[in-house]
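Student: Quick one: structure below, then a few questions.
The values are calculated or read from the model by the stated rules, or taken from the named source; none is laboratory data. The model shown is predicted, which means the values in this text are computed figures rather than measured ones. In this analysis, Cβ positions are derived from the backbone assuming ideal geometry, glycine residues included, and neighbour counts consider all displayed protein chains. SASA here: full protein model, heavy atoms, side chains in, ligands and nucleic acids out. Shrake-Rupley method; radii C 1.70, N 1.55, O 1.52, S 1.80 Å.
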Amino acid sequence: MSSDRRARLVSTAVHLPPRYRTMTQTRAAIAAANSPFVPPPGLLEDLTGVRGVHVRSDDEQASDLAVTAALKALDAAGTSIGEIDLLLFASSGQDLVEPATAHIVAAKLGAFCPAFDVKNACNSVLNALETAAAFIENGRYRTVLIACGETATLTARWHVPDHVTFMRHLPGYTVSDAGAALVLTAGPAGPDDPGVLRTVFAADSSAWEACTVAAGGSMHPRSTHDDHVCLRLNDDELTRTGRRMAGFVLEYAAEEMAMVRDSAFIAVHQISMPQFHEARDALGLPANRFQATVDRYGNAASASLPLQLAVAQQSDRVMPGDTVSLIGLASGFSIGLAVIRL
């Protein structure tokens, strides 16, 4: 890290499409698909704590969600698109296999800077934050725009043959479509200056099969099989995510734990309300430093952490000068931490 430059988070913005699908409507859609198994009323809510999810319009792409959030972030930062030196599209989704969705976002924004995708499932935004901070700190770029567009509702499975299949595809009913954007720029790196203070990542890639969307890659390039095109849990790895997130912080980020404890706000990736409570309790920190969002907004994939931070900022739970910690989790299996002084 350069001794005189720090990546400063200037603005955070989120866009949630206005269409909202309740769990009652989700159950009705499963029934409408002539499914042999239809979950009884209230089961989805009881299992996940999620009341509903945001759904993009039929003609809205991942890039559109990202652009809407990016325009909000640029406006909040007082930054024009011409001042952006690098654009990163960070998402578990995409518009096309080729080209990188970053170029579609850049074209819609009128940007002429370098652009590329950062993709690591639900840690995509957090990894893009690390990437942007590294580029800014070493002087390669001054101002970076991270734009995220999640269209995860496309992975829901509607025809459900049995209870086992329902449980395998349960996460697909609780994911939300969302856009998010962050603007970072270079600033001084004094002891009290704002910016990205630390990032730490770890992975257990032997668990890559735990949660998959298989279609579209070289394994299943043109598959229409439901198990390939829909989000699927292949074992119970993700049921222990709350404890694993806390374990990562305690084991791999021991030096940063003091900074996490001192944070005014802590965002953790949220898959369900039970998982959120598990992660919060395992970290052993005061409950009022966390913000549940998955119950109202669903699992926003890699937009989940920016969503929590934006909600906290809008409600004045965090203020300039406060330190916040973002703890991410992604299938693959990866976990990450970013500590930021606002």
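Student: Quick one: in the stretch 132-166, which of the residues that are among the hydroxyl-bearing types (Ser, Thr, Tyr) and at pLDDT 95 or above is nearest to Ala111 (Cα to Cα)? Walk me through how you get there before you give the answer.
Tutor: The initial filter retains those residues of the stretch 132-166 that are among the hydroxyl-bearing types (Ser, Thr, Tyr), namely 141, 143, 151, 153, 155, 165.
This time we only want the ones that are at pLDDT 95 or above, so: 141, 143, 151, 153.
Working: Tyr141: 15, Thr143: 13, Thr151: 23, Thr153: 28 Å.
Looking at the filtered set, the residue picked out is Thr143.
Student: List pairs: first in the stretch 100-128 and within 22 Å of Phe201 (Cβ to Cβ), second of a type in the set (Asp, Glu), Cβ under 6 Å, 6+ apart or cross-chain?
Tutor: Close Cβ pairs satisfying both conditions: Ala100/Asp117; Ala102/Asp117.
Okay, residues lined up against (1) at pLDDT 95 or above; (2) in contact with a strand residue (DSSP E or B) (Cβ under 9 Å, 6 or more places away or on another chain); (3) within 30 Å of Asp192 (Cβ to Cβ):
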{"site": "Met1", "(1), (2), (3)": "no, no, yes"}
{"site": "Thr12", "(1), (2), (3)": "yes, yes, yes"}
{"site": "Met23", "(1), (2), (3)": "yes, yes, no"}
{"site": "Ala33", "(1), (2), (3)": "yes, no, no"}
{"site": "Val50", "(1), (2), (3)": "yes, yes, no"}
{"site": "Leu65", "(1), (2), (3)": "yes, yes, no"}
{"site": "Leu74", "(1), (2), (3)": "yes, yes, yes"}
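Student: From the residues in the stretch 316-342 that are at pLDDT 95 or above and small (Gly, Ala, Ser), which one is surrounded by the most Cβ atoms within 10 Å (Cβ to Cβ)?
Tutor: Ser325
Student: Across the stretch 275-293, what is the number of residues that are open to solvent by less than 30 Å² (accessible area, probe 1.4 Å) and modelled with pLDDT under 95? Reasoning before the result, please.
Tutor: Of the stretch 275-293, the ones open to solvent by less than 30 Å² (accessible area, probe 1.4 Å) are 275-276, 279, 283, 285, 290, 292-293.
From the residues that got through so far, the ones that are modelled with pLDDT under 95 too are 275-276, 279, 283, 285.
Residues meeting the conditions: 5.
Student: Open to solvent by 60 Å² or more (accessible area, probe 1.4 Å), modelled with pLDDT of 95 or more, of a type in the set (D, E, K, R) and within 27 Å of Pro171 (Cα to Cα): does that describe Asp117?
Tutor: On the way: open to solvent by 60 Å² or more (accessible area, probe 1.4 Å): no; modelled with pLDDT of 95 or more: yes; of a type in the set (D, E, K, R): yes; within 27 Å of Pro171 (Cα to Cα): yes.
Answer is no for this residue.
Student: Quick one: Gly110 ticks every box in (1) open to solvent by less than 30 Å² (accessible area, probe 1.4 Å); (2) touching a helix residue (DSSP H, G or I) at 6+ places or on another chain (Cβ under 6 Å) except a single one, so which number is it?
Tutor: (1)
Student: In the stretch 49-63, which residues are open to solvent by 40 Å² or more (accessible area, probe 1.4 Å) and over 18 Å from Thr174 (Cα atoms)?
Tutor: Initial filter on the stretch 49-63 (open to solvent by 40 Å² or more (accessible area, probe 1.4 Å)): 51, 57-59, 61.
Asp58, Asp59, Gln61 - these are the residues of the stretch 49-63 that are open to solvent by 40 Å² or more (accessible area, probe 1.4 Å) and over 18 Å from Thr174 (Cα atoms).
Student: Could you list, in sequence order, the residues of the stretch 18-48 that are part of a loop (DSSP other than H, G, I, E, B) and surrounded by 20 or more Cβ atoms within 10 Å (Cβ to Cβ)?
Tutor: At the first step, the residues of the stretch 18-48 found to be part of a loop (DSSP other than H, G, I, E, B) are 18-19, 33-42.
Within the stretch 18-48, just Pro39 meets the criteria.
Student: Listed residues Arg296, Arg244; which is open to solvent by 30 Å² or more (accessible area, probe 1.4 Å) and modelled with pLDDT of 90 or more?
Tutor: Answer to the selection: Arg296.
Student: So is Glu98 among the acidic types (Asp, Glu), crowded, with 17+ Cβ neighbours inside 10 Å and part of a loop (DSSP other than H, G, I, E, B) or not?
Tutor: Details: among the acidic types (Asp, Glu): yes; crowded, with 17+ Cβ neighbours inside 10 Å: no; part of a loop (DSSP other than H, G, I, E, B): yes.
Here the answer is no, as Glu98 does not meet what is asked.
Student: Within the stretch 258-274, identify whether any single residue is closer than 28 Å to Gly172 by Cβ, open to solvent by less than 10 Å² (accessible area, probe 1.4 Å) and either touching an Asp or Glu at 6+ places or on another chain (Cβ under 9 Å) or not hydrophobic (A, V, I, L, M, F, W, C) (or both), and answer yes or no.
Tutor: Of the stretch 258-274, the ones closer than 28 Å to Gly172 by Cβ are 266-274.
Narrowing the set further to residues that are open to solvent by less than 10 Å² (accessible area, probe 1.4 Å) leaves 266-270.
Of the ones still in play, those that are also either touching an Asp or Glu at 6+ places or on another chain (Cβ under 9 Å) or not hydrophobic (A, V, I, L, M, F, W, C) (or both) are 269-270.
Taking every residue of the stretch 258-274 in turn, at least one turns out to be closer than 28 Å to Gly172 by Cβ, open to solvent by less than 10 Å² (accessible area, probe 1.4 Å) and either touching an Asp or Glu at 6+ places or on another chain (Cβ under 9 Å) or not hydrophobic (A, V, I, L, M, F, W, C) (or both).
Student: Something else: Would you check if there is a residue in the stretch 84-105 being under 24 Å from Gln270 (Cα atoms), in contact with a Leu (Cβ under 8 Å, 6 or more places away or on another chain) and of a type in the set (Val, Ile, Thr)?
Tutor: No; the residues of the stretch 84-105 include none that is under 24 Å from Gln270 (Cα atoms), in contact with a Leu (Cβ under 8 Å, 6 or more places away or on another chain) and of a type in the set (Val, Ile, Thr).
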